Amino acid sequence: MRKTLSRFVENPTTTPPSATNRQIEKRLPQIPDRAAALYLLAALKQHVGETREALQNLKDCLALKEGFDPSGSPSLGALKGTKEFDDLVAAVHRDFPIVAHAKLALASEEKI
C-alpha cells in the first residue's frame, strides 16, 4: 500500500501524519486504489486522535467492499470495543468470511 500511495505523498517516510493526511485527502480523486487510501487515512487520523474522522474514513473504505478487515490493525486498536467499530468489523466478516471459517465449495477428482 505504501508503495502505491507514495507517489501521492511527498517524502512519505518523513512527512508528519497531519501533513500526509492533507496530501492524501487533496489527491484522493486521483488515487486509483481509493479503498487503500481511505484505510490509510483512517489509521493516520486515529494516530493523531481524530477518532470521528478515522471512523468515517474507515466506513467509506469498507463501503467499497474490497475486503479490508480492520479487526487486526494495531493502528486502529484504540477503536476496538466501540459499537461503531465493532459493527463495521461484523459487517466485513459477514461480507468476507474469514478463510479459517470457510466451507468447502467444490471438490473434484479430476487432475489438471
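Name every residue in the range 20-74 that is part of a loop (DSSP other than H, G, I, E, B) and either hydrophobic (A, V, I, L, M, F, W, C) or within 10 Å of the chain's Cα centre (by Cα) (or both), in order of residue number.
Ile31, Val48, Leu64, Glu66, Gly67, Phe68, Asp69, Ser73
State which residue pairs qualify: first residue among the charged types (D, E, K, R) and inside the range 81-96, second residue assigned to a helix (DSSP H, G or I) in any location, beta carbons under 7 Å apart, and separation of 6 or more residues or different chains. Final answer for the pair search is Glu84/Leu55.
Within the range 87-112, the set of residues being closer than 28 Å to Asn21 by Cα, surrounded by fewer than 14 Cβ atoms within 10 Å (Cβ to Cβ) and touching a helix residue (DSSP H, G or I) at 6+ places or on another chain (Cβ under 9 Å) comprises just one member, His93.
Of note, Val99 does not satisfy the criterion of being β-branched (Val, Ile, Thr) and within 14 Å of the chain's Cα centre (by Cα).
Comparison of Thr4, Thr14 shows that the only residue that is assigned to a loop (DSSP other than H, G, I, E, B) and at pLDDT below 90 is Thr14.
The values are calculated or read from the model by the stated rules, or taken from the named source; none is laboratory data. In this text, all values refer to a predicted model and were calculated from it rather than measured experimentally. With ideal geometry, Cβ positions are generated from the backbone for all residues, glycine too; neighbour counts draw on all protein chains shown.
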